[in-house]
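S.K.: Pasting a structure below so you can have a look.
The values are calculated or read from the model by the stated rules, or taken from the named source; none is laboratory data. The structure displayed is predicted, hence computed values, not measured ones. With ideal geometry, Cβ positions are generated from the backbone for all residues, glycine too; neighbour counts draw on all protein chains shown.
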Amino acid sequence: MKNKSTKAEKPFIKTREKSDGGIEVEIQKNPGDTKTGKFFAILIAVLTLAVPVAGLIYLLVTFL
């Protein structure tokens, strides 16, 4: 069996106050490791391919 050690998980987003009173937001995890990050990566990849293909099909249908 694997040894299950309890690691303290870092929060995904960490906020910090600057010396001038502004707020700084720092992302702690790689977005590719989260479900939301994977969803948006796949969504961007699909839209990058699907939108131009759909536009070309539309143009071909309207000109014929």
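Yes/no per residue for (1) part of a helix (DSSP H, G or I); (2) at pLDDT below 75; (3) under 20 Å from the mean Cα position of the chain (by Cα); (4) of a type in the set (G, A, S):
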residue: S5; (1), (2), (3), (4): no, yes, no, yes
residue: K14; (1), (2), (3), (4): no, no, yes, no
residue: S19; (1), (2), (3), (4): no, no, no, yes
residue: V25; (1), (2), (3), (4): no, no, yes, no
residue: K38; (1), (2), (3), (4): yes, no, yes, no
residue: I42; (1), (2), (3), (4): yes, no, yes, no
residue: V46; (1), (2), (3), (4): yes, no, yes, no
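S.K.: Quick one: in segment 22-40, of everything that is exposed (fewer than 10 other Cβ atoms within 10 Å of the Cβ) and free of Cβ contacts under 8 Å to residues at least 12 places away in the same chain, which residue is farthest from P11 (Cα to Cα)?
M.R.: G22
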